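Trainee: Structure provided below as C-alpha cells; questions to follow.
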Amino acid sequence: MIERFPYGKAPFWLLALALASSLLLIATRQRAAEGRPELTFATFATQHYDAYKRVLPEFERKHGVKVGMQLVDMRALQTRLQNAMLAKAEVPDVVEVVSGSMGYFTRGPIKDVGLVDLSERIAREDYRRRIVPSRFSQWETRGKLFGIPHDVHPVMLVYRADLVEALGIRVEELDTWEAFAAAGRKVLRDLNGDGTTDRYMIDLPAGGGSGLSVLMLQQGVSLFGPDGRVAFDDPRTVDTMLWYLRQVRGPQRIATDCGWGQPFSKGMMDGVALFFVAPDWRTHLMEMDVPSLSGKLKLMPLPAWQKGGRRTSVWGGTGIAITKQSKRPDLAWELVKFLYFNPEELGKRFASTNILPPFQDAWDLPEFHTPSAFFSGQQVGAEYARMAPQTPPVWDSPYSTIAEGKVNEVFERAAQYYERNGEQGLREVIERELTAGSNYVKRIMDRNVLAGAH
C-alpha cells in the first residue's frame, strides 16, 4: 500500500497518523457524549457536596439520569459562573451559592439575569407556605425569585452554664440587652491579680463586623430594603452602634474578642467569656472543636432590644438556583426539590450539621427533638426551630459589599471618637457619619443606569 501511495512514504505515514488521530478523537468524543451527565450541579460547600453525593444515586435511579457533581471554590464559583453566563459559555444546570451572591448575579435588567425565575414553581407547588418566609428575601429582587434557601441560620447565645450558674446569673432575667449589659458589669473579673480583666460577659468582635451585623438585623435593619434602596441610615443603627461601642470599647466594657479558630476555642475553654453569639451552624463547630465542654454549655435566645421584642437574628446563608442555559430546567427543578424538600433526608442532614432547614415539614422529625448531651440535654433543633419564625429578612444588592464597608468605616470612626472624647457628642458623630456613608452608596448606585432596570 505504501509503495502504491503516489506522494511517497513520509506523506503516507503523516496521513495515516492524521486519520488515526481523527478516528481516536471521534471515538473519544462519542464515549464522552455517551457518559455525559444529563444534569450538572456545582456547590462550594464540602459538607453539602458529601451529603448530596450520598443521596444522588436515589435521584438518578428514580429519573433514569446521571448527575455530575462539582465542588468549586466559593469565589471562583461566583466569578466564573457570572462570566460564563455573560459569554454564553457552558455552565452547570444547578448551582449552590452563598448569601450575598444574588445581588452579584442579578445586576442590570431582569431579562439579562442568567438564572431561572422560580416564583411560579414555588407558588404552584405551595412551597411559599411551607418555608420560613423571611428566608426568601436574600434570593428575591424586583418581584422575582431566583434562588431557594438552604437554611435558616437563626442566632441564639451559647453560654458556659457551669460558670454562669456558679455566679448566680439567672439567664431568664436576661431578656433585654440592657439587662444583659447590667449583669455583665457585675461579672468582670481579674482572676490572677495582675490588674487586667480575665473574664468578660460576652465574646464580640472589637471591630464590629459580624457581631454588629447580627445585632442590626435583630433590630430590623438590613443594609438595603426590599425596594433595593439603601436602608442602613436608620435611627436603630445609631442605637445599635452606641450600645455596641459601650460594650466593646467603653470604660465598663463587658465584651472581649476571642477571635476565630483555636483562640476562640481556648477562650471558651478558659472561660474568658461566658456567652457566645451562635447561629445554628456554629453549635456544630463547637461540638467538633471543644469536646471537653460537653455538658457545660447551654443555649438561650438573644436578649431583645425592647421587652417582648425579637429574640433572634440571622448570620449567613446558602441558596440553590437553576441557570437559564440548562437544557432540562424541569429535571433541574426536580433535583432542587429532591435535595431541599425531602424531610427524611433533611433530618439526617441536621443530625450531622445542626443546620436548621427552612422547610418546616421536616421540623417534626426525631432528629430535631433529640436531646443533646453536649448542650446539657437541650433539644438543639427544637430550640432553633422556635426562633426561626422571628428571623428578620435580609435583602441583597449588587452594592452590599460597598455598603458593608461603609458601615464598618462609620463604626471605626465612631470608635476612635469615643476613645478620645467619650460619650459627649457621640450620637451626633454616628448620625453624621451614617448619613455620609449612605449618601456615598447612593451616589455609586445612581451612576449605574441599569441597576434597577427591568
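Trainee: Please find the FRET efficiency linking Gln416 to Ala436, where r is the Cβ-Cβ separation and R0 is fixed at 22 Å, and quote it to the nearest 0.05. Let's see the in-between values first.
Mentor: Numbers: r = 15 Å, r/R0 = 0.69.
Approximately 0.90, to the nearest 0.05.
Trainee: Can you compute 3J(HN,Hα) from phi for each residue in the range 427-432, using the Karplus curve 6.51 cos²θ - 1.76 cosθ + 1.60 with θ = phi - 60°, rounded to whole Hz and x for Gly and Pro?
Mentor: Coupling constants for the range 427-432: 4, 5, 4, 5, 4, 5 Hz.
Trainee: Next question, about the same structure. For Cα Rg over 2.2 N^0.38 Å, the choices are (1) 1.01; (2) 1.19; (3) 0.95; which was calculated from the structure?
Mentor: After the calculation, the listed value that fits is (2).
Trainee: Before I look further, what does the chain give for accessible area per residue, probe 1.4 Å, in whole square angstrom?
Mentor: On a per-residue basis, the chain sits at 48 Å².
Trainee: Apply the a/c threshold of 1.5 to the C-alpha gyration tensor of the range 32-84 and tell me whether it is rounded, prolate or oblate.
Mentor: Details: a/c = 3.08, a/b = 1.43, b/c = 2.15.
Taking the square roots of the gyration eigenvalues as a ≥ b ≥ c, the range 32-84 is oblate.
Trainee: For Arg199, enumerate residues with amide H under 5 Å from its amide H, sequence gap 5+ or separate chain, H modeled in the peptide plane.
Mentor: The answer is Arg189, Leu191.
Trainee: Now for a different question. Run the numbers for Ala382 and Ala182: contour at 0.36 nm per residue of separation, minus the present Cα-Cα distance, in nm.
Mentor: On the way: separation 200, 0.36 × 200 = 72.00 nm, distance 2.93 nm.
Extending this stretch completely gives an extra 69.1 nm.
Trainee: Using the Cα centre as the reference, give the magnitude of the dipole from point charges on the C-beta atoms of the chain (Lys, Arg: +1; Asp, Glu: -1; all else neutral), rounded to the nearest 20 debye. Write down the numbers at each step before the final one.
Mentor: On the way: 56 positive and 54 negative charges, 240 e Å.
Taking the Cα centre of the chain as origin, the dipole is about 1160 debye.
Trainee: For the range 161-172, what does the Karplus curve 6.51 cos²θ - 1.76 cosθ + 1.60, with θ = phi - 60°, yield as ³J(HN,Hα) per residue in whole Hz, taken in order and with x for Gly and Pro?
Mentor: 4, 4, 6, 4, 5, 5, 7, x, 7, 9, 5, 5
Trainee: Given H placed on each backbone N at 1.01 Å, which residues far from Thr40 in sequence or on other chains put an amide H within less than 5 Å of it?
Mentor: HN-HN under 5 Å from Thr40: Gly68, Asp93, Val94.
Trainee: Also, I was wondering about something else. Hey, can you rank 152-158, 182-188, 259-265 by average C-beta count inside 10 Å, highest first? Provide the component values of the computation, followed by the final result.
Mentor: Numbers: 152-158: 24.4, 182-188: 16.0, 259-265: 13.6.
Highest to lowest by the protection proxy: 152-158, 182-188, 259-265.
Trainee: If you take the square roots of the eigenvalues of the alpha-carbon gyration tensor of the range 160-202 and sort them as a ≥ b ≥ c, do you get rounded (a/c under 1.5), prolate (a/b over b/c) or oblate?
Mentor: oblate
Trainee: When the accessible area of the chain is computed with all protein chains present and a 1.4 Å probe, what percentage of it is carbon and sulfur?
Mentor: Values: 11360 of 21650 Å².
Carbon and sulfur atoms account for 52 percent of the accessible area of the chain.
Trainee: Non-local amide H neighbours of Arg142 (under 5 Å, H modeled in plane, Pro and chain starts lacking H): which ones?
Mentor: Here the answer is none, since no amide H 5 or more places off falls under 5 Å of that of Arg142.
Trainee: If you fit an axis through the alpha-carbon atoms of helix 343-353 and take the longest principal axis of the Cα set of the chain, what angle between them do you get, 0 to 90°, nearest 10?
Mentor: Relative to the chain, helix 343-353 is tipped by roughly 60 degrees.
Trainee: What is the calculated FRET efficiency for Glu409 to Glu125, with r their C-beta to C-beta distance and R₀ = 45 Å, to the nearest 0.05?
Mentor: Details: r = 44 Å, r/R0 = 0.98.
Taking R0 as 45 Å, the efficiency between Glu409 and Glu125 is 0.55.
Trainee: While we're here: Using 0.36 nm times the number of residues separating Lys66 and Asp162, minus their current alpha carbon distance, what extension gain do you get? Numbers along the way, then the final one.
Mentor: Details: separation 96, 0.36 × 96 = 34.56 nm, distance 5.16 nm.
This chain segment gains 29.4 nm when fully extended.
Trainee: With a Förster radius of 41 Å, plug the Cβ-Cβ distance of Lys88 and Val55 into 1/(1 + (r/R0)^6) and report the FRET value to the nearest 0.05. Walk me through the numbers before you get to the answer.
Mentor: Numbers: r = 32 Å, r/R0 = 0.78.
Calculated value: 0.80.
Trainee: Can you bin the range 167-242 into rounded, prolate or oblate? Criterion: square roots of the alpha carbon gyration tensor eigenvalues sorted a ≥ b ≥ c, rounded for a/c under 1.5, prolate for a/b above b/c, oblate for the rest. It would help to have the intermediate numbers written out before the result.
Mentor: Numbers: a/c = 3.63, a/b = 2.12, b/c = 1.72.
In terms of gyration-tensor shape, prolate.
The values are calculated or read from the model by the stated rules, or taken from the named source; none is laboratory data. The shown structure was predicted, so the numbers you read here are calculated from the model rather than taken from an experiment. We place every Cβ from the backbone using ideal geometry, glycine too, and count neighbours over all the protein chains shown. Accessible surface areas use protein heavy atoms only, side chains included; no ligands, DNA or RNA. Shrake-Rupley method; radii C 1.70, N 1.55, O 1.52, S 1.80 Å.
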